[in-house]
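Here is the structure we will look at, set down as structure tokens.
The values are calculated or read from the model by the stated rules, or taken from the named source; none is laboratory data. Quantities reported herein were computed from a predicted structural model and do not represent experimental measurements. Don't worry about glycine lacking a Cβ; one is built from the backbone with ideal geometry, like all the others, and counts go over all protein chains shown.
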Amino acid sequence: MMLKKIIFLLSLTLIIGCGYTPIHSLKNSKEIGIKNILFSDGDRKLNISLDQSLRRLKSNKSENLFDLTISSKYEKETIAKDTTGAPSKYQLKAEVEFKVKFNNKTEIFKFEEIFNMDHSSDDFENLIYEDSIKQNFANSFAQKLIS
């Protein structure tokens with residue numbers, strides 16, 4: 001019992017002293033901000049998820065405000081079929097291009113994510129799962145852009 005307490009206190013001390021900060025900390029977000037987000041084209045659900053992920057940076061209080069134009073592309077391709085010829089595995093691929101404009105200078109950032117998804121017999125479950133993957137893609141793209 002005493003050994004467990006010592007190990008717990010030692011672990012706690014190491015974690016506190018190592019300089020750990022949460023990955024989603026808003027500490028650095030005060031330095032940058034998004035003035036406008038414009039979606040030129042792409043998958044509607046992916047764009048909505050991207051907008052929700054980037055909304056926390058949208059403010060006019062920051063000194064460094066960026067204009068952001070987003071173009072997304074989403075593909076769902078069958079990569080395997082079962083013995084009856086029905087799809088059994090899909091490849092989901094999302095590509096996003098961010099055009100960041102700051103002080104009349106434009107930078108372009110392109111990101112791509114690929115995920116292989118197994119097909120289940122329930123179409124509704126497949127749809128929900130695919131939407132959650134799109135949400136994960138959007139969160140990943142937003143984090144890559146912020147980094």
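Looking at the stretch 100-147 only, could you name the residues that are among the aromatic types (Phe, Trp, Tyr) and part of a strand (DSSP E or B)?
If the condition is that a residue be among the aromatic types (Phe, Trp, Tyr) and part of a strand (DSSP E or B), then Phe102, Phe109, Phe111, Phe115 are the ones that fit.
For the stretch 113-138, give me each residue that is surrounded by 14 or more Cβ atoms within 10 Å (Cβ to Cβ) and not polar (S, T, N, Q).
Selection gives Glu113, Phe115, Met117, His119, Tyr129, Glu130, Ile133, Lys134, Phe137, Ala138.
Give me the pairs, please: first residue somewhere in the stretch 63-89 and under 15 Å from Lys110 (Cβ atoms) and among the basic types (Lys, Arg), second residue anywhere and surrounded by 15 or more Cβ atoms within 10 Å (Cβ to Cβ) and at pLDDT 90 or above, beta-carbon distance under 6 Å, and either six or more positions apart or on two chains.
Lys73/Glu95
Scan the stretch 30-70 residue by residue and report those that are at pLDDT below 85 and surrounded by fewer than 15 Cβ atoms within 10 Å (Cβ to Cβ).
Lys30, Glu31, Asn36, Arg55, Arg56, Ser59, Asn60, Lys61, Glu63, Asn64
Output the qualifying pairs, or none if there are none: Cβ atoms under 6 angstrom, residues six or more apart or on different chains, first residue in the stretch 124-144 and closer than 25 Å to Lys99 by Cα, second residue not acidic (Asp, Glu) and not in a helix (DSSP H, G or I).
Pairs found: Ile133/Leu92; Ile133/Phe115; Phe137/Ala94; Phe141/Val96; Phe141/Phe111; Lys144/Phe111.
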